[in-house]
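Visitor: This is the structure, below, for whatever I ask next.
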Amino acid sequence: MMTAAIFMVFVYVPSDAQQGIVQRIFYFHVPCAWVAFAAFALMAISGGFYLWLGQQVWDDLAYASAEVGILFCTLVLITGSIWAKPIWGAWWTWDSRLTTTLVLWLLYTGYLTLRVMGGEVAQVGRLASVVGIVAAADVPIIIVSVRLWRTIHPAVIVTRQGGHGLEDPRMIATLLVSMCAFTALCAWLLMLRFSTLRTAARIANLGRQLALAEAEIADRSMQLRRSS
């Protein structure tokens, strides 16, 4: 599906009349934003379930979602800057949508930093879940930022007048295919990372059980020596 999306972006879809070829990055930028927001939403939901149930599987799902989300959020910032340079004449402006997206990236960078700092697993998981849930509250702010504040960021999917900026049906088709392709890629990466974390958790659990068994054997051996 990703191959089809790339073909449509660079061959099938026409260039925008005003922005030219640089507009094609839109078909990567928007899907990256969509899957990043979806991953962060899943992280918040999983974190909530972990705080409620205390089951490690939910914490692993939250962790995997945050890692995948930060990957695509980084791509959002990169592709946005590549588009902005020829259109706005600058790699970055402190526009409301750009700024709130950068805040989201920084919050989840802090989340991942908290994860790798170490500590008691359950305590780190609970604290990280709280941080992740609070950070996810920035997602709806990003979505409505072009309506809440004065902004130069284009509203293409849903314009400020209520329509959309994709006049050619081929643009709509290309965007939909690209959205599906990036969603599939995100799901695959998420399942891969989640599976890795679950395997690591099982290995850690086996290690703890082995350590307990060794301690119990050593204790019994000591008791036998004393009794003899």
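Every number here is computed from the coordinates shown, using simple stated rules; none is lab data. Predicted, not measured: the structure shown is a model, and the values here were computed from it. Please note: Cβ atoms are built from the backbone with ideal geometry, for glycine as well, and neighbour counts cover all protein chains shown.
Visitor: Given H placed 1.01 Å from N in the peptide plane, which residues other than close sequence neighbours of Q19 have an amide H under 5 Å from its amide H?
Guide: So Q19 has HN proximity to no qualifying residue.
Visitor: Now a separate question. How high is the relative contact order of the chain, in percent, counting Cα pairs under 8 Å that sit 6 or more residues apart?
Guide: Averaging sequence separation for qualifying contacts and normalising by length gives 27 percent for the chain.
Visitor: Can you give the FRET efficiency for V134 and R220, using 1/(1 + (r/R0)^6), R0 = 41 Å, r = Cβ-Cβ distance, to the nearest 0.05?
Guide: 0.25
Visitor: Exposed loop sites here are trypsin sites (Lys or Arg not before Pro) in DSSP loop states with at most 11 other C-beta atoms within 10 Å. What is the longest stretch of the chain lacking them?
Guide: Answer from the scan: 1-149.
Visitor: Which order results if S81, S145, S129 are arranged by neighbouring Cβ count within 10 Å, fewest first?
Guide: S81, S145, S129
Visitor: If r is the Cβ-Cβ distance from V57 to T99 and R0 is 35 Å, what FRET efficiency results, to the nearest 0.05?
Guide: The computed FRET efficiency comes out at 0.50.
Visitor: What range in the chain is the longest one free of chymotrypsin sites (Phe, Trp or Tyr not before Pro) that are in a loop by DSSP and have at most 12 other Cβ atoms within 10 angstrom?
Guide: 95-228
Visitor: Between D168 and W188, what FRET efficiency follows from the Cβ-Cβ distance if R0 is 25 Å, with the result rounded to 0.05?
Guide: According to the calculation, E is roughly 0.25.
Visitor: Let me know the longest stretch in the chain that avoids all GluC sites (Glu not before Pro) found in a DSSP loop with at most 14 other C-beta atoms within 10 Å.
Guide: My reading of the result: 1-119 is the longest stretch.
Visitor: Right, next: Kindly point out which whole DSSP H helices in the chain project their C-alpha atoms 24 angstrom or further along the helix axis while averaging a Kyte-Doolittle hydropathy of 1.0 or above.
Guide: Those that clear 24 Å and a mean of 1.0 are 26-53.
Visitor: Now for a different question. Express in nm, to one decimal, how much length is gained between L210 and T3 on full extension, taking 0.36 nm for each residue of separation and deducting their alpha carbon distance.
Guide: 69.8 nm
Visitor: Which shape class, rounded, prolate or oblate, goes with the range 21-145 when its Cα gyration tensor gives a ≥ b ≥ c as root eigenvalues, a/c under 1.5 marks rounded, and past that a/b bigger than b/c marks prolate?
Guide: It comes out prolate by the Cα gyration axes.
Visitor: Sticking with this one: So what is the 222 nm mean residue ellipticity for the chain from helices alone, if each DSSP H run of at least 4 adds -39500 (n - 2.57) and you divide by all residues, rounding to the nearest 500 deg cm²/dmol?
Guide: -27000 deg cm²/dmol
Visitor: Same structure again: Using amide H atoms built 1.01 Å from N in the peptide plane, name the residues 5+ places from W149, or on other chains, whose amide H lies under 5 Å from its own.
Guide: none
Visitor: Rounded to the nearest 20 Debye, what is the dipole magnitude of the chain about its Cα centre when Lys and Arg each give +1 and Asp and Glu each give -1 at the C-beta?
Guide: Roughly 220 debye for the chain.
Visitor: Select from T100, M171, V124 the residue farthest towards the positive end of the dipole of the chain; place +1 on Cβ of Lys and Arg, -1 on Cβ of Asp and Glu, and compute about the Cα centre.
Guide: About the Cα centre, the residue reaching furthest to the positive side is V124.
Visitor: Here's something else I'd like to know. Give me the one-decimal Kirkwood hydrodynamic radius in Å for the chain, with the sum taken over alpha-carbon pairs.
Guide: 20.1
Visitor: I'd like the distance between the alpha-carbon centres of the range 63-130 and the range 1-37, rounded to an integer number of Å.
Guide: 22
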